[in-house]
Structure formats: C-alpha cells, structure tokens
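To keep things clear, I will list the structure first and then write my remarks on it.
Nothing in this text is a laboratory measurement; each read-out follows from the coordinates by a stated rule. Since we're looking at a predicted model, the values are computed, not measured. We place every Cβ from the backbone using ideal geometry, glycine too, and count neighbours over all the protein chains shown.
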Amino acid sequence: DQFAQKARESRDADRRFMELALALGRRGQGSTWPNPAVGAVIVKDGVIVGRGWTQPGGRPHGEPEALRRAGEAARGATLYVTLEPCSHFGKSPPCADAVIAAGIKRVVAAIEDPNPEVAGQGHARLRAAGIMVDVGLCAREAAFDHAGHFRRIRDRRPHVILKLAVSPDGKIGAAGGKPVAITGEAARNRVHLLRAQSDAILVGIGTVLADDPQLDCRLPGMAVRSPVRVVLDQNLRIPGASRLVGSAREIPLWVVGSELAEAAAATRLGAAGAQVIRVPPGNASGLDLAAVLHALAGKGITRLMVEGGSRVAASFIAADLVDEIWLFHGAEAVGADGVDALAALPLSKITQSQAYKVHASETFDQDTL
Ligand code: AOF
Ligand code: ZN
C-alpha cells in the first residue's frame, strides 16, 4: 500500500545518502591518522546541502565540515554520518554539540564509536537534545572502512593489509632476491592507491638491501599522501646511502630495531632524519611482531600495509596478524630459482586457509586480484 511504499522509498534514500557519506569518508583514508576517516552528508527536503569528511591529520572532524558547508540550511535537516559523532572535549569541542547547535533534526549514524571516550555517549547526547537518532545503517560497510580505528582502539594494533604479487609459479622475486615485475602497470597503479589509503607501509630490511625501494606514492596529485615508511631492521643495518634514509626528511621513515641494537646505529639514523623505534627482541627469526604493531598503534597508525618481502609476509601470516590480503596473480612465470612468495610457508597457507575468505576479485589487464 501507499504507506509501505513511502517507507521503502525513504529507506532507499537513507541508504543512498549513507553510501555517499561512506564514499566521502574514504577520501580521508591514509591521511587522518590517528583519527578515523569519517564522512558526513546533510540533507534537507531530499536535497544535499552539505558534505564533509575528516581533514588531514584528523581535524576538523567530518561533521563540522559538512555543517560549515550547509550553514543555515542545516536547521531541520538530516545528518548522515559514517561514525557516531564524538561527545568528548578533545582538541576540538564535541561534534554532537555542534550538530545540536546547528538545529539538525535527525541523525543517521552507521555505527557506534568504540572509543571509550565516546562509546554511545555521542548518540545519547543527541537524543537528550530531542534529535531523532538511527544507528546501524550500512554498519558492515562502515566497520570495514573504519577497520583501522576499531583495531587500534580495541586491540591496540593497526589493521594489517598484506599485499602480495605472485607469479603463476608462486614466486615474488627472481633468483638472489633480484626484483622482477610480477604484475603490469594497471595493477601497480592500484597498489599505489592502496599505499595512499594506508597510514604506513612496512617492509623488512632484506627488501631494503635487495631492492633499495623508495616506497613513496607515485600517483598524479597524490604525492603529498605518501604514507610513513616502516622498516623492520632488528640490528639497525639500513644503509645511510639507501633511498629510504636519503628521503627521510621529506617522507617519514621509522626504523624498528631491537632494544639490543647498537646505540651508535640509532644515533646515525636519527641524525639522518629517521625515527628509531625499539622493541624487545623476538625469537631467532626476528622482532616480536605483536610488539612492533603495538608500538605503531601507540604512535597513531591505524592502517598498515605490509609490502615485503617473503620472510616478513610469512612471519605476519604465521603470527596470525593479517586482517586483509591483496593477492595479485601475475601472468608470467619467474622460474624455479625465484623467491617463494611466503618463504618456507606454502602459499596454500593463505589460499586454502579457513581463516580467510574471498572478499572481492578484480582484473587488471593480464593480472588478477
Ligand atoms: C567523529 N568524526 O571525523 C572523527 C571522529 O583527538 P580528537 O579530539 O580529534 O578526537 C579523536 C576521536 O574522535 C577519535 O578517536 C574518534 O573516536 C573520534 N573521531 N569522530 O565523529 C570524525 N575523526
Ligand atoms: Zn567529532
């Protein structure tokens, strides 16, 4: 009947506006840490009057941005927001208060903020002011987009994304660790975008010594989005002449070493503009990864991309510290003397594991993701 039809239409409209808010929020991914990347849309009489997203460095938050753009039009309007508006006095006053002051009539929030300073109090504050609050629309999508914030708050570690580009014969590099192009340009561009959407990129010292990578983000217009580069380097061996150390003053470089590594090495790196993070030594195979992740979360990292090499990838998988895997399959074989994707672990540790399920799949020219 007519009533049910109307209800359906307004539910569809709610979903459309929330999906827009989610898309806006994703614009901030990789640049808002330590804060989440939140999107907000303000709608009055079916018309969008304001859009906003969390700004670089995490402030202003998403809602005040949208409110600023809506101006007086926010009075009596609906706010769609991908995370519960905050209720705490941090570096800025609570967004919930700004929403109330602007005269918003209804708030549709995708998900509650797990931050103990907020945790439902934002919604309670809005309701106490007489605002109608609906929570849970597109909650699954929001939880995925805010996975970094949730992990950091709940588990005191970043959301870990492992990227692997594997040849049909299961290799990620040529003999002797020589770099070899596994995927084509389209897939490589997608990887650069993924870097831009990450707060930090991590590699092992082996990759630095073999490839001398720069690990910046080379996409047109996105140079400023280069994430923090993190190197696992137990004994602080990274060469001063490497491209990573050479660019440490332009793009942050954090070198994670053992507490037992020589002080002189740390001093040398500090003088070159890198930051040295020390964690307790792990077992024979290197640093304690849980301690590394804890330290990175402590410094504000919410989304960490792990890029190589095979030993680092294998240790993260073995420690069960990977949340998301981007597994690219290239088209050309490398040869039996190449480097196995996961060092001593078989790739089936990922592809046959009950712990992972396929989320999405895509084609990039001759390569598949
Ligand atoms: C929102 N919208 O856009 C963001 C939120 O240090 P502060 O004062 O900036 O507060 C950071 C906390 O605020 C952060 O941990 C999260 O709980 C919330 N972030 N909330 O409603 C936003 N960035
Ligand atoms: Zn806020």
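Hey, can you tell me all the residues within the range 56-77 that are among the small types (Gly, Ala, Ser), more than 8 Å from ligand 1 (Cβ to nearest atom) and not in a loop (DSSP other than H, G, I, E, B)?
If the condition is that a residue be among the small types (Gly, Ala, Ser), more than 8 Å from ligand 1 (Cβ to nearest atom) and not in a loop (DSSP other than H, G, I, E, B), then GLY57, ALA66, ALA70, GLY71, ALA73, ALA74 are the ones that fit.
Remark: LEU209 matches the filter, which requires a residue to be surrounded by fewer than 16 Cβ atoms within 10 Å (Cβ to Cβ) and not in a loop (DSSP other than H, G, I, E, B). Of the helices (runs of 4 or more DSSP H) lying entirely inside the range 82-184, the ones with 1 or more residues being more than 16 Å from ligand 1 (Cβ to nearest atom) and either acidic (Asp, Glu) or surrounded by 17 or more Cβ atoms within 10 Å (Cβ to Cβ) (or both) are found at 139-145. Every test in (1) outside any helix (DSSP H, G or I); (2) away from ligand 2 (no atom under 16 Å from the Cβ) is passed by GLY52 save one, and that test is (2).
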